[in-house]
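Following: one structure in structure tokens, then a few remarks.
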Amino acid sequence: MNTVNAIENTPDMINIMIADDHKLIRETWTYILNRDSRFKVVGSCSNSEEAVKMAERIQPNVVLMDINMVPFSGIEATRQIKEISPETRVIGVTMHSQPAFAKKMLQFGASGYVTKNSSREEMVTAILEVSKGNKFVCEEIKDLIADNIEDQASATAVNTLTEREMDVINLIRQGSSSKDISLKLEISIKTVEVHRHNILKKLKLKNAASLIHFMNNSSIVI
């Protein structure tokens, strides 16, 4: 369900749009942020296609963008939003903590990156910082980068994955079969199998079992 609220022209108020496929998360963040006089949630949506259309229509100051979206990723949605609304600042939001993905999100135009482990205070700081034109990366990601715990070879391999391949990996991780993936992404089962083959080749993995093990144990798992 998509929601657009009346935009208040209160001086210095930051207008925020929330793009997340979980209704509870959208409603929770709307409630939290609207209780702060500095913020106004002016719209929310549940998929990436609507996120792009809504951002073009309402031109929010900040978008909180879930990375794992359909029909295309939040990373691609960010790229499109920055093309049609250059002044809008996007903060990538994800349940996983991968420095490689934070880097990719920022490369595609995001101004900030937080995980769903971040506190309310850290999210507020992220919104305020990107609204000033600054970059913001949450402490969880900074700590992982500082501790150098990601495997560089695997990070390089992950960066070679296409947006569609990342969508396929996310769905595999959720337990989706090739048939399920084909329906969700609106592609043929044969195309899904080609993506799976290319993913294994790029990550230098032998089979689906090793891919799942990699996703569950690697610090840069998608």
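The values are calculated or read from the model by the stated rules, or taken from the named source; none is laboratory data. Since the model is a prediction, treat every value here as computed from it, not as a measurement. Neighbour counts are summed over all protein chains in view; Cβ atoms, including those assigned to glycine, are modelled from backbone coordinates with ideal geometry. The accessibility values were calculated without ligands, DNA or RNA, using every heavy atom of the protein model including side chains. Shrake-Rupley method; radii C 1.70, N 1.55, O 1.52, S 1.80 Å.
Tabulated values for the structure
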item: Residue-averaged 222 nm ellipticity for the chain, from DSSP H runs of 4+ at -39500 (n - 2.57), nearest 500; result: -15500 deg cm²/dmol
item: ³J(HN,Hα) computed for each position of region 100-114 - Karplus, 6.51 cos²θ - 1.76 cosθ + 1.60, integer Hz, glycine/proline x; result: 4, 6, 4, 4, 5, 4, 5, 5, 8, x, 5, 9, x, 8, 9
item: Residues Lys142 and Ser37, FRET efficiency given R0 of 35 Å [Cβ-Cβ distance, rounded to 0.05]; result: 0.75
item: Estimated dipole of the chain in Debye, rounded to 20 [Cβ of Lys and Arg +1, of Asp and Glu -1, Cα centre]; result: 500 debye
item: Proximal charge balance of Glu165 [Cβ under 11 Å; K/R count +1, D/E count -1]; result: +2
item: Distance-filtered residues of region 41-67 - backbone nitrogen under 18 Å, label point 7 angstrom along Asp12 Cα→Cβ; result: 41, 61-62
item: Prolate/oblate/rounded call for the chain, Cα gyration tensor, a/c under 1.5 rounded; result: prolate
item: Förster-model FRET efficiency, 25 Å R0, Leu128 and Arg173, C-beta, rounded to 0.05; result: 0.15
item: Exposure rank, largest accessible area first [Phe214, Phe108, Phe101; 1.4 Å]; result: Phe108, Phe214, Phe101
item: Mean accessible surface per residue for region 16-136, computed with a 1.4 Å probe while every protein chain stays in place, in Å²; result: 41 Å²
item: Proximal aspartates and glutamates relative to Lys179, as straight alpha-carbon distance under 12 Å, when same-chain residues fewer than 8 apart are discounted; result: Glu193
item: Accessible surface of region 33-136 [probe 1.4 Å, protein heavy atoms]: carbon and sulfur percent; result: 45 percent
item: Cα shape, region 1-130, gyration tensor, a/c 1.5 rule; result: rounded
item: Only Lys, Arg (+1) and Asp, Glu (-1) charged, at Cβ; region 29-151 dipole about Cα centre in debye; result: 480 debye
item: Set of lysines near Lys135 by C-alpha distance (under 16 Å), chain-local residues within fewer than 8 positions excluded; result: Lys82, Lys103, Lys104
item: Spin-label pair Lys184/Gln107, simplified geometry with 7 Å Cα→Cβ offset, distance in nm; result: 2.4 nm
